[in-house]
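Right, one structure below, let's go through it.
The values are calculated or read from the model by the stated rules, or taken from the named source; none is laboratory data. Since this is a predicted model, take the numbers as computed values, not measurements. Backbone-built Cβ (ideal geometry, glycine too); neighbour counts: all protein chains shown.
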4 protein chains.
Amino acid sequence: MKDIQSQSDPRNMAIDRVGVKDLSYPITVLDRANRTQHTVGSINMFVNLPHHFRGTHMSRFIEILNAYHRELHIDRVEDILRLMKKRLQAQEAHMEVSFPYFVEKTAPKSRSKSLMEYQCHYIGTLREQIDVILGVDVPVTTLCPCSREMSDRGAHNQRSVIHIRVRYTKSGFIWIEELITMAEESASSPLYALLKRDDEKAVTENAYDHPMFVEDVVRDVSVKMEKDPRIFWYRVQAENFESIHNHSAYASIEKHKTGIV
Amino acid sequence: MKDIQSQSDPRNMAIDRVGVKDLSYPITVLDRANRTQHTVGSINMFVNLPHHFRGTHMSRFIEILNAYHRELHIDRVEDILRLMKKRLQAQEAHMEVSFPYFVEKTAPKSRSKSLMEYQCHYIGTLREQIDVILGVDVPVTTLCPCSREMSDRGAHNQRSVIHIRVRYTKSGFIWIEELITMAEESASSPLYALLKRDDEKAVTENAYDHPMFVEDVVRDVSVKMEKDPRIFWYRVQAENFESIHNHSAYASIEKHKTGIV
Amino acid sequence: MKDIQSQSDPRNMAIDRVGVKDLSYPITVLDRANRTQHTVGSINMFVNLPHHFRGTHMSRFIEILNAYHRELHIDRVEDILRLMKKRLQAQEAHMEVSFPYFVEKTAPKSRSKSLMEYQCHYIGTLREQIDVILGVDVPVTTLCPCSREMSDRGAHNQRSVIHIRVRYTKSGFIWIEELITMAEESASSPLYALLKRDDEKAVTENAYDHPMFVEDVVRDVSVKMEKDPRIFWYRVQAENFESIHNHSAYASIEKHKTGIV
Amino acid sequence: MKDIQSQSDPRNMAIDRVGVKDLSYPITVLDRANRTQHTVGSINMFVNLPHHFRGTHMSRFIEILNAYHRELHIDRVEDILRLMKKRLQAQEAHMEVSFPYFVEKTAPKSRSKSLMEYQCHYIGTLREQIDVILGVDVPVTTLCPCSREMSDRGAHNQRSVIHIRVRYTKSGFIWIEELITMAEESASSPLYALLKRDDEKAVTENAYDHPMFVEDVVRDVSVKMEKDPRIFWYRVQAENFESIHNHSAYASIEKHKTGIV
């Protein structure tokens, strides 16, 4: 059979990224409390394609994944990127894995335990050197400072989501759980799957006592990012699904800290 | 050319519904304030298929739509259903149109005007007789009565959506705007695109003064449905995107009022 | 503290379903090849609420789930429904669990193995008796018989999804894998995550040799449903994401087989 | 009332973007065939916020939009950005508008006319100078060259979407319709809402005669971008919803052409 993908291409046009997208796959991730956690990943795998090749070999991406059959640990992404570069004869390999991750939370008063889900992201790019971005989307409560200040009673509040993405130094290591804590401590209140009546009272009053604009949220997370010596780049986005509007309030900060690599 | 669709089928299996789904199309709808409103519909069109035909003729659904080129008024759905039955030789024709609809709202204190979007639904089925369901999804604020009762300050609240579907008598007519009002009057507060500082104070205090469980919302809407002599069937669903949880609270009531057709 | 939810309600309006919706939770399901499989469920839990109670107790739904902490086997749904009825003093309990499920597939020529994901659904309702619906959404290829018949070369084909839902007799048991096979054998071709060049040739020619309208798909699945003595109710829907249109072709059949309970 | 938003902020942290997101709004856009077209936009409006202000004034974004009440022409985006900068005292204003847009297509043989929907994007950023990105997502058919080459009959094909984004010179002007043509001429076939039997034959054979990898698609579009003297930056992405897999094939090229501003 003719290998059409390996034919030469006359258009003189290199392709930045080519590969497979939105592949669903069972994965295993490191869990600070339980060593490992089984979950389900949505995976993208891309390489660059020099101008002289007509196509990449899509099946090889899947073959590489299969070598880690049902045991795809997130810490193997760097190995996978090396294999991608080699087997697909590429200068650059890129892989994105997104997955739900569960953390046991303890309610503030009853101490009842329940599981909260956080959507996580692991993004690796390998050229000469490896570049890794770790991310997590943390749902929280925000209570509006302006509404609280003006109103004789109550204050509008709503579910929000804080998107954190970080790059960290090679000598460092960051748990997903640490990023979640940074986000939850920058909101009016964390969320819980299970709250009893005493807890609901505590959570309500705590949110009222910590009013936060969407601007406050991204700034408070960013201040924590600035203080953490492991982190040298971050992007923080917050979105409030406003309870008094049918649109969102949004804010974002992205920064490369100078003097660190 | 052979007409494969018209071939006979040996499997002796009638098909309930067959046709086109998720077709995007510009439509025009009746607007109580402005006579008509231009918007974009997502359209499903189905007919039944007797066991002896192998296939329906998909292109005819689009041809029927095209007769109303860029002037598809929602009140022509019954005509379209008649054409579908005839041209596709069916005993039953079914059409669903979903579309965003904009209503001008006035803020409570500043009287500022702004547009709110509501997702609407028009569902028609024609057998011997026509059956029409009118629907609208109304985003609102709900404030938790339990949180308010227990807490020394504040009360958690959130964006919710109320889904209303109704069947009404032939002699009646119901404006989308009437269903929206029924929903908004059954919540802690309506939503607005534009609220100035005085408005935000009023909306916050009004929500605090009208705490509503998801159960209260579906009951209050249902009480209005029971009182309206035009409506003989309704389904009311409410979903709160809880500000203290990462899941929703949900309630639903569906009823066929006896003694009315 | 006052128990607001247990207050009496004057509106005389019973609620069909009330509870928690879209709760994400790690679950374990039976796997024909590997005994069990870890995955992530999206869970709805509802009960009815008599007219005389103002509200249900939302936190109890989560407490019931938590008794199965990280070990929620899908075959415990009936136990959970009994607990829901009891602890929430309801006449009816309802639970829906949707989850991705992975099955190892073998490519037709190279015999290469890879994992395919299928979205599954387990829906239980307990009144006096238990009612269970098992479901799976199976992505497949369909190739258009009309396009093949008319065209001198090629035939348009596309990804489709077949939605199957069944109720089966108490003495029976049905594996998810069996429903998947019924769907895949009713399409032009199954899908695979990994296909080498020989496989791609085989899959292409096999699809060309088995052209299927969306009508053919739902009929062929339904014929299998009729023949299976364990199944007494089924709903089959097929949707083709047409490669020549920007809308879908759709067909559905729903049937309660007579003479079986 | 205290103006909390205008308070000074001690965190010394400037915010890149803050504003409103996912606001639905009726808009009017230029239409090459019909002068203007009514549609519905999803709108984001952001400004930067210097480190010394605590918050932006969210309601002003909506007030600015309202000045164009139900007559928001897409060519007024630059005016809106100037107003945003001024009224929110910002150095930078950013606005994104996404909307469905309908173009009448003529079937290749029957000459039947029907409407195709394309999702469009208009993204403006104003600092000292205005920066505009025009975008459109074009659904097409792609037929696999490898499958065609190897198979004795047929070739797998599927719906794909080509995402084009361009920046063009101030002296130039580009119609959405021109970008759509560039995309459709770079695929195996365009899509149509209405195809009669003769058309379906022509479209099937035409796709078979123009097999395209996802890599071919992004290269062919990019070649057209390179040749167009009005365009000085482009990003082209193509995604095939593979008919033989449950994942997508994907490719992308982004380039700033040298020597042009």
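In table form, for the structure just shown:
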item	result
When residues of region D:240-252 are limited to those that are surrounded by fewer than 24 Cβ atoms within 10 Å (Cβ to Cβ) and within 18 Å of the chain's Cα centre (by Cα), the one farthest from D:HIS156 (Cα to Cα)	D:SER252
Unique residue being buried (at least 17 other Cβ atoms within 10 Å of the Cβ), aromatic (Phe, Trp, Tyr), outside any strand (DSSP E or B) and out of contact with any Asp or Glu (no Cβ under 6 Å at 6 or more places or on another chain) when the list is A:PHE99, A:PHE61	A:PHE61
Neighbours by Cβ (under 9 Å, 6+ apart or cross-chain): first from region A:207-224, farther than 26 Å from B:ARG153 by Cβ; second of a type in the set (Lys, Arg)	A:SER222/A:LYS255; A:SER222/D:ARG11; A:VAL223/D:ARG11
Number of the exception - A:GLN237 against (1) within 26 Å of B:LEU191 (Cβ to Cβ); (2) of a type outside the set (D, E, K, R); (3) within 14 Å of chain B (Cβ to nearest Cβ); (4) surrounded by fewer than 24 Cβ atoms within 10 Å (Cβ to Cβ)	(3)
Residue check, D:LYS2 free of Cβ contacts under 8 Å to residues at least 12 places away in the same chain and either part of a strand (DSSP E or B) or among the charged types (D, E, K, R) (or both)	yes
Test: C:SER248 is free of Cβ contacts under 8 Å to residues at least 12 places away in the same chain, of a type in the set (Ser, Thr, Tyr) and closer than 30 Å to B:LEU65 by Cβ	yes
Search result, residues across region B:149-160 that are more than 8 Å from chain A (Cβ to nearest Cβ) and surrounded by fewer than 24 Cβ atoms within 10 Å (Cβ to Cβ)	B:GLU149
Scan of region C:1-28 for residues that are in contact with a helix residue (DSSP H, G or I) (Cβ under 8 Å, 6 or more places away or on another chain), within 14 Å of chain A (Cβ to nearest Cβ) and buried (at least 20 other Cβ atoms within 10 Å of the Cβ), ordered by number	C:GLY19, C:VAL20, C:LEU23, C:TYR25, C:ILE27, C:THR28
Region C:181-206, subset touching a residue at least 12 places away in the same chain (Cβ under 8 Å) and among the charged types (D, E, K, R), residue farthest from A:LEU65 (Cα to Cα)	C:GLU185
Region C:23-37, residues that are assigned to a loop (DSSP other than H, G, I, E, B) and either in contact with a Gly (Cβ under 8 Å, 6 or more places away or on another chain) or closer than 17 Å to A:ILE27 by Cβ (or both)	C:ASN34
Condition check for B:VAL223: at pLDDT 95 or above, over 28 Å from A:THR142 (Cβ atoms) and part of a strand (DSSP E or B)	no
Number of the exception - A:ARG60 against (1) within 9 Å of another protein chain (Cβ to nearest Cβ); (2) within 17 Å of A:ILE80 (Cα to Cα); (3) charged (D, E, K, R)	(1)
Among the candidates D:VAL77, D:VAL40, D:VAL18, residue that is assigned to a helix (DSSP H, G or I), of a type in the set (Val, Ile, Thr) and under 23 Å from the mean Cα position of the chain (by Cα)	D:VAL77
Verdict on A:ASP220 being within 14 Å of chain B (Cβ to nearest Cβ), surrounded by fewer than 24 Cβ atoms within 10 Å (Cβ to Cβ) and among the acidic types (Asp, Glu)	no
Candidate set: region C:52-84, residues that are among the aliphatic types (A, V, I, L, M) and at pLDDT below 90; chosen: the one farthest from B:CYS144 (Cα to Cα)	C:ILE74
Flag if A:LYS113 is loosely packed, with under 15 Cβ neighbours inside 10 Å and either more than 22 Å from C:ASP198 (Cα to Cα) or within 26 Å of the chain's Cα centre (by Cα) (or both)	yes
Whichever residue in region A:161-207 is facing chain B (nearest Cβ under 7 Å) and acidic (Asp, Glu) and, among such residues, is surrounded by the most Cβ atoms within 10 Å (Cβ to Cβ)	A:GLU200
Selected residue (criterion: nearest to C:ARG17 (Cα to Cα)) from residues of region B:240-261 that are of a type in the set (Val, Ile, Thr) and within 14 Å of chain C (Cβ to nearest Cβ)	B:ILE253
Test: residue in region C:120-133 that is within 9 Å of another protein chain (Cβ to nearest Cβ), within 30 Å of A:THR36 (Cα to Cα) and either of a type in the set (Lys, Arg) or touching a Lys or Arg at 6+ places or on another chain (Cβ under 9 Å) (or both)	no
Residue in region D:31-38 that is farther than 26 Å from D:TYR101 by Cα and either among the β-branched types (Val, Ile, Thr) or more than 10 Å from every other protein chain (Cβ to nearest Cβ) (or both) present	no
Residue count for region C:81-96, restricted to those that are in contact (Cβ under 8 Å) with a residue 24 or more places away in the chain, in a helix (DSSP H, G or I) and touching a helix residue (DSSP H, G or I) at 6+ places or on another chain (Cβ under 9 Å)	2
Unmet criterion (only one of (1) over 30 Å from B:ASP3 (Cα atoms); (2) at the interface with another protein chain (Cβ under 10 Å from one of its Cβ atoms); (3) surrounded by 20 or more Cβ atoms within 10 Å (Cβ to Cβ); (4) of a type outside the set (S, T, N, Q)) for D:GLU226	(3)
